[in-house]
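The structure under discussion appears below in the form of structure tokens.
The values are calculated or read from the model by the stated rules, or taken from the named source; none is laboratory data. Small disclaimer: the values here were computed from a predicted structure and weren't measured. For neighbour counting, all protein chains shown are included, and Cβ atoms are generated from backbone atoms with ideal geometry for every residue, glycine included. Just the protein is used for accessible areas: all its heavy atoms, side chains included, with ligands, DNA and RNA removed. Shrake-Rupley method; radii C 1.70, N 1.55, O 1.52, S 1.80 Å.
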Protein chains: 2
Amino acid sequence: MARFDGVKALVFDVFGTVVDWREGIARDAAVFLARHGRGDIDPRGFADAWRQRYQPAMEQVRSGRRPFTRLDVLHRENLEGVLNDHGINAGMISEDELDDLNRAWHRLDPWPEAVAGLTRLKRRFIIAPLSNGNIALLLNMAKRAGLPWDAILGAEVAQAYKPEPEAYLRTAEVLGIRPAELCLVAAHNGDLKAARGCGLATAFVPRPAEHGPGQTKDLAPAEPWDAVGKDFQDLAHKLGC
Amino acid sequence: MARFDGVKALVFDVFGTVVDWREGIARDAAVFLARHGRGDIDPRGFADAWRQRYQPAMEQVRSGRRPFTRLDVLHRENLEGVLNDHGINAGMISEDELDDLNRAWHRLDPWPEAVAGLTRLKRRFIIAPLSNGNIALLLNMAKRAGLPWDAILGAEVAQAYKPEPEAYLRTAEVLGIRPAELCLVAAHNGDLKAARGCGLATAFVPRPAEHGPGQTKDLAPAEPWDAVGKDFQDLAHKLGC
């Protein structure tokens, strides 16, 4: 693809694009809920409820109502809210146990072909996460799952949450390259739209099971992105890796 | 070593400890100097002169006289100074050529056993640079040399230059660990002293050729550091990797 001749680095959305957050959170939530005698709560619904608080929490930072706060802290606050919504008094649970459940976001599994696809893409490109996750979260996830990142980038390095333009532009800047030399790989059309607005190249990989069997959004590219792959292996093939 | 039972991450000084900056800079400077008809200048002396401007430039930032400025920019300014000191008018040389020579700092070779040693240490620990080099410099160096970092940390992430305490403490903070769970590996006693002052564990690896055959400093540990290895392979052995 001619558009990719000048691309030096691929940066990846992580939650949903690289890892399956819903099944990973549900797995750890199921153990926690059973331990507290609440096996009646659907752990996937619990994961969805926790994730639903993600955008509003970051919006506090994006809007300037709150200084930059790393995602581990936002996830931890959101956990207390979602527990209370399910009738579980977070104040009665030890800090250690809440912290451990919060680190379920560090223990998410990649989609089946992700590690092999990234390993191929790494031969030709610099590869790094461009995620709203913080450094410790992304690093612990990578170490556990074998994600072969060249660097850990994202919101904490840029000090801005996607889709704020600074999240994309500062990432190009720290890499010492122009926005057009950077490509975002994501399963989310909105993320790609914001990246394109900043001059980045764009690659779409659908993850039709991210939100479970009833998923209706992001099933197909909403715009003619610079590349579209069925998965990371297909993307590597299309980019000549 | 019992001291290392609680250590989760090893962070490394880079210039001198992981890579041989003097020979790498001299190699690229020799080509540049010959091209400009200045084969009379000793390229190792040129490398030493360039490096000598390193601490004073960072001191401008440490003292607060200048906002945080990444090392690529400081190196570039220092290059113009060292050229002029050698009677070469930097203003007569193209920006592209100066930028390319400045990126010699991205193209330094590791000490012979460094990649193998890091690969062993990575099995047990998170490994990352904690260097005054900026992210692009450290990432390009790692990609070229095969340094298997788990993340790229250092001054640009911490927004502070060593030996300022913030450089060490913010690195532990972004890793989500306590200072005592972090160990600095360095060939420089001064760097280790500052790290110990912040509560980090410390490991010394001498690099007796860093400054060439006449080196007199940092040949031996100046304090009883928590670990001492002859090189990274020996350090890996001593830490049970």
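Considering all different alpha carbon pairs of the protein assembly as shown, the Kirkwood hydrodynamic radius works out to 23.9 Å. Solvent-accessible area of A:LEU118, all protein chains in place: 0 Å² (probe radius 1.4 Å, heavy atoms, ligands and nucleic acids excluded).
Axis of helix A:71-85 versus longest Cα principal axis of chain A: the two differ by about 40°, to the nearest ten degrees.
Between B and A, buried accessible area from a 1.4 angstrom probe totals roughly 1600 Å², ignoring ligands, DNA and RNA.
Remark: the protein assembly as shown carries 40 Å² of accessible area per residue (probe radius 1.4 Å; ligands, DNA and RNA excluded). Both the radius of gyration and Dmax for segment B:161-225 are 12.7, 41 Å, in that order, over alpha-carbon atoms. Across the identical copies, the 7 Å label point of A:LYS230, projected outward along Cα→Cβ, sits 5.4 nm from its counterparts, in ascending order.
Computed from the alpha carbon positions, the gyration tensor of segment A:103-147 leads to an equivalent ellipsoid with semi-axes of 19, 13, 8 Å, biggest first.
The angle between the Cα long axis of helix A:165-175 and the main principal axis of chain A comes to about 60°, on a 0 to 90 degree scale. Where a ≥ b ≥ c are the square roots of the eigenvalues of the C-alpha gyration tensor, would you call segment B:190-241 rounded, which needs a/c under 1.5, or, failing that, prolate if a/b is larger than b/c, or oblate? The shape class here is oblate.
Under a Gaussian network description of chain A, with springs only between Cα atoms under 10 Å, the residue in A:ASN134, A:ASN189, A:ASN89 that fluctuates furthest is A:ASN89.
With label points defined 7 Å past Cα in the direction of Cβ, position B:PRO165 shows copy-to-copy spacings of 3.9 nm, given to one decimal and shortest first. Residues A:LYS122, B:LYS217, A:LYS162, A:LYS230, ordered by accessible area of protein heavy atoms at a 1.4 angstrom probe radius and largest first, appear as A:LYS230, B:LYS217, A:LYS122, A:LYS162. Counting every alpha-carbon pair across chain B, the share separated by more than 34 Å comes to 15%. What residues of segment A:214-237 lie in the reach of a label at A:GLU23, counting those whose backbone N is under 16 Å from a point 7 Å from the Cα along Cα→Cβ? Residues A:214-215, A:231-232 fall inside that zone. Report the normalised scattering of segment A:21-106 as log10 I(q)/I(0) at q = 0.12, 0.15, 0.17, 0.23 Å⁻¹, calculated by the Debye formula with identical scatterers on the alpha carbons. Here the Debye-derived log intensity ratios amount to -0.34, -0.52, -0.67, -1.16.
Between B:GLN52 and B:ARG144, the simple label model (points 7 Å from Cα in the Cβ direction) yields a spacing of 2.5 nm. Ranking B:HIS188, B:HIS75 from most to least accessible surface, computed with a 1.4 Å probe over the protein chains only, gives B:HIS188, B:HIS75. Comparing B:GLY146, B:GLY190, B:GLY214 in a Gaussian network model of chain B where C-alpha atoms under 10 Å apart are linked, the largest mean-square fluctuation is found at B:GLY214. Just so you know, the Cα atoms of segment B:114-224 work out to an Rg and Dmax of 13.9, 41 Å. Within the assembled protein chains, the solvent-accessible surface assigned to B:ARG27 is about 90 Å², based on a 1.4 Å probe. Annotation: A:CYS241 carries an accessible surface of approximately 30 Å², with a 1.4 Å probe and no ligand, DNA or RNA atoms counted. Could you tell me how far the Cα centroid of segment B:189-233 sits from the Cα centroid of segment A:101-176, in Å? About 32 Å separates the Cα centre of segment A:101-176 from the one of segment B:189-233. Once the C-beta distance of B:GLU59 and A:ASP96 is scaled by a Förster radius of 30 Å, the resulting FRET efficiency is 0.10 to the nearest 0.05. Normalised by the number of residues in segment A:8-47, the average gap of Cα pairs under 8 Å and 6 or more apart makes the relative contact order 38 percent. Between B:ALA194, B:ALA186, B:ALA155, the GNM of chain B built on Cα springs shorter than 10 angstrom shows B:ALA194 fluctuating the most. Per residue, chain A reaches -13500 deg cm²/dmol at 222 nm when only DSSP H runs of four or more residues are counted, each adding -39500 (n - 2.57). When DSSP beta bridges are restricted to pairs lying wholly in the protein assembly as shown, around 5% turn out antiparallel.
What a 1.4 Å probe finds exposed on segment B:21-106 is 47% carbon and sulfur by accessible area, rounded to a whole percent.
For chain A, the longest principal axis of the alpha carbon atoms and the long axis of helix A:114-124 meet at an angle near 30°. Ranking A:VAL73, B:VAL61, B:VAL185 from most to least accessible surface, computed with a 1.4 Å probe over the protein chains only, gives A:VAL73, B:VAL61, B:VAL185.
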